[in-house]
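Let me begin by presenting the structure, written as structure tokens, before commenting on it.
The values are calculated or read from the model by the stated rules, or taken from the named source; none is laboratory data. This structure is a prediction, so every number in the text was calculated from the model and none was measured. Cβ: placed from backbone, ideal geometry, glycine included. Neighbour counts: every protein chain shown.
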Amino acid sequence: MPEFMHAPVLIVAVLLLAAFITPLLGKRQAATNAVFLGAGVVALVLSVGMTLRVLAQGTLSYPVGGWPAPYGIVVLVDVFAAYSSLVLATVALIIFWFAAFGPREVRHNGAYFTLILLLTAAMQGMVMAGDLFNLFVFIEISSLAAIAIIAIKGTKESVEASFRYLVLSALGSGGLLFSIALIFMITGHLNMDYIRTTLMVTAEQYPLNLLTSIGLMVVGFGVKAALFPMHVWLPDAHSNAPTASSALLSGLVVKVYIIALMRIAYLALGLEIFALFPIRHLFLALSTGALVAGSVFAMVQDNVKRLLAFSTVAQVGCIFLGFGLFNQRAIEGGVLHILNHAVMKSLLFLTAGVIIHQSGIKKLSQFSGLGRKMPLTFAAFTIGAMSMVGVPGTAGFISKLYLALGALDADMLVFAVLILISSLLNAAYYFPIIISAFFGRDSDAEATDPAFAVLAPVAVLAGMVFFFGMFPSLMVPLVRQTALLFVR
Amino acid sequence: MVIIERLYTNIYYLISVVLFIIGFHTMLTHNNLLKKIMGMNIMDTSLFLFFVSIGYIRGGQAPILREGVIQYVNPVPSALILTGIVISVSFTAFALALVVLLHKQYGTIDADKIIALRSRRHA
Amino acid sequence: MHDMILEMLGRILIPATQLFGAYILFHGHLSPGGGFSGGTIIGASFIFYSLVYRFSDKKHRLKHETSLWFEVGGALIYVGSGLVGILFGRHFLTNQGVFPIGEPGRLWSSGMILLVTLGIGAKVAGTVFKLFQELLEGGAEPDGHH
């Protein structure tokens, strides 16, 4: 399909164009929605086409301006990038849909949509970037936009949380830029392919530079991806954001940094050099901490959105666990979990937002009996929770199964047990909510299911949870080839 | 003598690392939000210095084709740092805007006091 | 408040600053400078203008829409000139073979680069001024309520 050759830049360009046009439309709500959703749809179509092209013809490398590497900027779309772009485009479009028609939480929808579009464009650019500096620029755009879509709510808590996020994110960016500078210093390249080939020669001469660089990079991405114990900003930031922002942040933004880090690992550093440093062991240790601490902290929360935010900390650990175990099935599990967690956590955050908006209740202790008053919303919440626990038939089961099998393949039974424990812990904090909502005694809160237009995106996400649970084979070619990039 | 020579040849790197640590420390330890932003700027500037000094050659000229100039400075880091400066400016502006908002809402720009105010509201 | 010293200085300095900014902007492909530096200088002249006149005269104030159009227009020029390359069957942002290149060393000598520089300049000037406007008003809503 030669017609999708330009898709990588067009995805970013279309989203950016829409981001710049929305503020001009001012208060014309219908036109703003049309541009906003239109850009999302176009991005999804381009992303699907690009993925099919990559599956058929292999890696797509696109020289911007016609200048070949190493002089020009090259966009490099391999299977991992195509898969990530597809996940981003799909889940983002559903969240766009909710942001446009769901309950309104921000005063200026035009500005809000601009920020969301900028964030999505930056994330798309980040997963496809072929050189470190463009990667850095996209990281910065997405960080700034991610902070802004929290602060735009304008409440005391959200502004405070976003400032804390900004400080830590700026620290992470500083570390990243430093590490890119060190790599540039010892290789003289920014293009990932050229860095890898040069590093094979120069790595031995500059072991300290490389060690410092990799350390700073892991910390920089770790802060942004909320890898335990660098997650301190996440619970406040994700729980105080507007609903659509929470879904975007928890569902997509934290994962994009993992994708970027792993792309650097195999594209820029090369697997040999990646294996020289104990990064995998670090991932294993930190993800264990994340799974345990995230789940335990989630159990003691009384605010539904804070509970979901802590659960994100644990699930980020799950993805890192896949890359820490580093064998075929574990990486397949981790990569699949990027999609599955994006779907189910967006579902949970959107339903939580709907519940809070319809009933005015944030506290889990007051959820009792609410499920009978708004059955559809709570049914969607139940589906998301089941998937988080990993009930067979839901998407969460598949990725956890792969992760557990990967742990067995690596002869590390302890991590298979860890995944089981984390599932049990998930059950321990999700199921009481559902039980008390459906079977608890009635509270005097007034609440009904919202209009169909609000629930439609939620229903689509719930359908996707089952769809990817029943037919995981749809994603298998992409996921398997992605894992093969790491385990040759 | 060897140490002094190594110091001299690596002076830009040395200074930028020192600045980086000063900025990092300021950002993490100061309670005043404005000082945090200043720390962020010091850190960013140190990185710009580091990046530009990678491509700098003593006695090199601006990389524009002219007669009589043999040695050029590597233009790539400078071009990148231009982008870095823009990013840093936008981060600073946004952070300042947030500080203005925080001051409006909490009446202070001291991080500890803001946290105290917040926990009092929760209690 | 009417400040004569500021106004007289402004009358001399603002056009001079803008001229200098335009010079830097238009010679981005020939000498050090370009969109970022030229745009910042022009943006600074806007800031100076509004500092001088905002005390004396409401109608001289630059509107939010002005800076918005500068920003959006600049970005559109950039992305638009990138898309021209695709329309001609080349890559995004292709210059050679799509735009007339011209004679080296002259003002019109680098095809698209001048166009892109103008876009960046407009964007940067708009953004610099917008940052000033927003920080000056301290987060107040443009439509008046808090």
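For the stretch A:277-313, what are the residues that are among the aromatic types (Phe, Trp, Tyr) and in a helix (DSSP H, G or I)? Steps first, please.
Taking the stretch A:277-313 and keeping what is among the aromatic types (Phe, Trp, Tyr), we get A:277, A:283, A:297, A:310.
Scanning the stretch A:277-313 gives A:Phe283, A:Phe297, A:Phe310.
Taking the stretch A:423-444 as the range and being among the hydrophobic types (A, V, I, L, M, F, W, C), surrounded by fewer than 16 Cβ atoms within 10 Å (Cβ to Cβ) and over 25 Å from the mean Cα position of the chain (by Cα) as the test, the residues that pass are A:Ile435, A:Phe439.
Hey, could you check the stretch A:1-31 for residues that are more than 14 Å from chain C (Cβ to nearest Cβ) and part of a helix (DSSP H, G or I) and say which is surrounded by the most Cβ atoms within 10 Å (Cβ to Cβ)?
Pass one, the stretch A:1-31, residues more than 14 Å from chain C (Cβ to nearest Cβ): A:1, A:28-31.
Checking the rest, the ones that are also part of a helix (DSSP H, G or I) come to A:29-31.
Working: A:Gln29: 12, A:Ala30: 8, A:Ala31: 15.
Top of the filtered list is A:Ala31.
Residue-level check: of (1) assigned to a loop (DSSP other than H, G, I, E, B); (2) within 14 Å of another protein chain (Cβ to nearest Cβ); (3) not aromatic (Phe, Trp, Tyr), A:Glu105 misses just (2).
The sole residue among A:Leu144, A:Leu135 that is touching a residue at least 60 places away in the same chain (Cβ under 8 Å) and in a helix (DSSP H, G or I) is A:Leu135.
Would you be able to say whether some residue in the stretch A:229-244 is of a type in the set (Asp, Glu) and facing chain B (nearest Cβ under 10 Å)? Full working, then the answer.
Within the stretch A:229-244, the subset of a type in the set (Asp, Glu) is A:236.
From what's left, facing chain B (nearest Cβ under 10 Å): A:236.
Scanning the stretch A:229-244 turns up at least one residue that is of a type in the set (Asp, Glu) and facing chain B (nearest Cβ under 10 Å).
Kindly establish whether A:Pro457 is crowded, with 18+ Cβ neighbours inside 10 Å and not in a helix (DSSP H, G or I). Against the criterion (crowded, with 18+ Cβ neighbours inside 10 Å and not in a helix (DSSP H, G or I)), A:Pro457 does not qualify.
Going residue by residue through the stretch C:55-69, is there one that turns out to be part of a loop (DSSP other than H, G, I, E, B), of a type in the set (Phe, Trp, Tyr) and under 30 Å from A:Pro8 (Cα atoms)? First the steps, then the outcome.
Our first condition is that a residue be part of a loop (DSSP other than H, G, I, E, B); within the stretch C:55-69, this holds for C:55-57, C:61-63.
Subset that is of a type in the set (Phe, Trp, Tyr): C:55.
Narrowing further to those that are under 30 Å from A:Pro8 (Cα atoms): none.
No, because not a single residue in the stretch C:55-69 is part of a loop (DSSP other than H, G, I, E, B), of a type in the set (Phe, Trp, Tyr) and under 30 Å from A:Pro8 (Cα atoms).
Is one or more of the residues making up the stretch A:176-184 out of contact with any strand residue (DSSP E or B) (no Cβ under 8 Å at 6 or more places or on another chain) and more than 12 Å from chain B (Cβ to nearest Cβ)? The answer is no, given that none of the residues of the stretch A:176-184 is out of contact with any strand residue (DSSP E or B) (no Cβ under 8 Å at 6 or more places or on another chain) and more than 12 Å from chain B (Cβ to nearest Cβ).
I want to confirm something. Restricting to the stretch C:77-97 and keeping residues that are among the hydrophobic types (A, V, I, L, M, F, W, C) and either buried (at least 21 other Cβ atoms within 10 Å of the Cβ) or within 9 Å of chain A (Cβ to nearest Cβ) (or both), which single residue is farthest from C:Tyr23 (Cα to Cα)? Ranking the qualifying residues of the stretch C:77-97, first place goes to C:Ile86. Going through the stretch C:49-97 one residue at a time, which ones are out of contact with any Phe, Trp or Tyr (no Cβ under 9 Å at 6 or more places or on another chain), β-branched (Val, Ile, Thr) and modelled with pLDDT under 85? Listed by number, the list holds a single entry, C:Val52. The condition (being among the charged types (D, E, K, R) and within 20 Å of the chain's Cα centre (by Cα)) is satisfied by just one residue among C:Glu71, C:Glu103, C:Glu7: C:Glu71.
Within the option set A:Val91, A:Val87, A:Val64, A:Val54, being within 14 Å of chain C (Cβ to nearest Cβ) and either within 30 Å of A:Thr351 (Cα to Cα) or of a type in the set (Val, Ile, Thr) (or both) holds for one residue only, A:Val64. Pairs meeting the criteria (first residue in the stretch A:433-456 and touching a residue at least 24 places away in the same chain (Cβ under 8 Å), second residue surrounded by fewer than 17 Cβ atoms within 10 Å (Cβ to Cβ) and small (Gly, Ala, Ser), beta carbons under 6 Å, at least 6 apart or on different chains) are lacking.
Go through the residues of the stretch A:108-131 one by one and say whether even a single one is out of contact with any Asp or Glu (no Cβ under 8 Å at 6 or more places or on another chain), crowded, with 24+ Cβ neighbours inside 10 Å and outside any helix (DSSP H, G or I). Yes; the residues of the stretch A:108-131 include at least one that is out of contact with any Asp or Glu (no Cβ under 8 Å at 6 or more places or on another chain), crowded, with 24+ Cβ neighbours inside 10 Å and outside any helix (DSSP H, G or I). Taking helices (runs of 4 or more DSSP H) as the structural unit, those lying wholly within the stretch B:15-123 and holding at least 2 residues that are modelled with pLDDT of 85 or more, touching a helix residue (DSSP H, G or I) at 6+ places or on another chain (Cβ under 9 Å) and crowded, with 20+ Cβ neighbours inside 10 Å correspond to B:33-55, B:75-106. Scanning the stretch A:147-171 for residues that are assigned to a helix (DSSP H, G or I) and either of a type in the set (Ser, Thr, Tyr) or surrounded by fewer than 23 Cβ atoms within 10 Å (Cβ to Cβ) (or both) gives A:Ala148, A:Lys156, A:Glu157, A:Ser158, A:Ser162, A:Arg164, A:Tyr165, A:Val167, A:Leu168, A:Ser169, A:Leu171. Across the stretch B:44-71, the number of residues qualifying as away from chain C (no Cβ under 13 Å) and either touching a residue at least 12 places away in the same chain (Cβ under 8 Å) or closer than 18 Å to A:His189 by Cα (or both) comes to 17. Of the helices (runs of 4 or more DSSP H) lying entirely inside the stretch A:188-276, those containing at least 1 residues that are touching a strand residue (DSSP E or B) at 6+ places or on another chain (Cβ under 9 Å), crowded, with 24+ Cβ neighbours inside 10 Å and small (Gly, Ala, Ser) are A:234-239, A:254-263. If you go through the stretch C:79-108 and keep only what is in contact (Cβ under 8 Å) with a residue 24 or more places away in the chain and either part of a loop (DSSP other than H, G, I, E, B) or among the polar types (S, T, N, Q) (or both), you end up with C:Ser81, C:Gly105, C:Leu107. When the stretch A:430-453 is filtered for residues that are assigned to a loop (DSSP other than H, G, I, E, B) and modelled with pLDDT of 90 or more, nothing remains. Within the stretch A:75-96, is even one residue in contact (Cβ under 8 Å) with a residue 24 or more places away in the chain and in a loop (DSSP other than H, G, I, E, B)? Looking for residues that are in contact (Cβ under 8 Å) with a residue 24 or more places away in the chain and in a loop (DSSP other than H, G, I, E, B), one finds at least one in the stretch A:75-96, hence yes.
Just checking, which of C:Leu115, C:Leu107 is away from chain A (no Cβ under 11 Å), within 24 Å of C:Ala44 (Cα to Cα), surrounded by fewer than 20 Cβ atoms within 10 Å (Cβ to Cβ) and out of contact with any Cys (no Cβ under 7 Å at 6 or more places or on another chain)?
Details: C:Leu107 fails: within 24 Å of C:Ala44 (Cα to Cα).
So the residue among C:Leu115, C:Leu107 that is away from chain A (no Cβ under 11 Å), within 24 Å of C:Ala44 (Cα to Cα), surrounded by fewer than 20 Cβ atoms within 10 Å (Cβ to Cβ) and out of contact with any Cys (no Cβ under 7 Å at 6 or more places or on another chain) is C:Leu115.
Of the residues making up the stretch A:60-74, those that are touching a Ser or Thr at 6+ places or on another chain (Cβ under 8 Å) and free of Cβ contacts under 8 Å to residues at least 12 places away in the same chain are A:Gly65, A:Gly66.
Any residue at all in the stretch A:373-390 that's part of a loop (DSSP other than H, G, I, E, B) and closer than 30 Å to A:Phe486 by Cα? Walk me through it before giving the result.
Restricting attention to the stretch A:373-390, the residues satisfying the condition of being part of a loop (DSSP other than H, G, I, E, B) are A:374, A:390.
Those still in the list that are closer than 30 Å to A:Phe486 by Cα too: A:390.
Looking for residues that are part of a loop (DSSP other than H, G, I, E, B) and closer than 30 Å to A:Phe486 by Cα, one finds at least one in the stretch A:373-390, hence yes.
Just the residues that are touching a residue at least 40 places away in the same chain (Cβ under 8 Å) and part of a helix (DSSP H, G or I), please, taken from the stretch C:1-40.
From the stretch C:1-40, those touching a residue at least 40 places away in the same chain (Cβ under 8 Å) are C:1-3, C:6-7, C:9-10, C:21, C:25-30, C:34-36, C:38-40; that's our starting set.
Across the stretch C:1-40, the qualifying residues are C:Leu6, C:Glu7, C:Leu9, C:Gly10, C:Gly21, C:Leu25, C:Phe26, C:Gly35, C:Phe36, C:Gly38, C:Gly39, C:Thr40.
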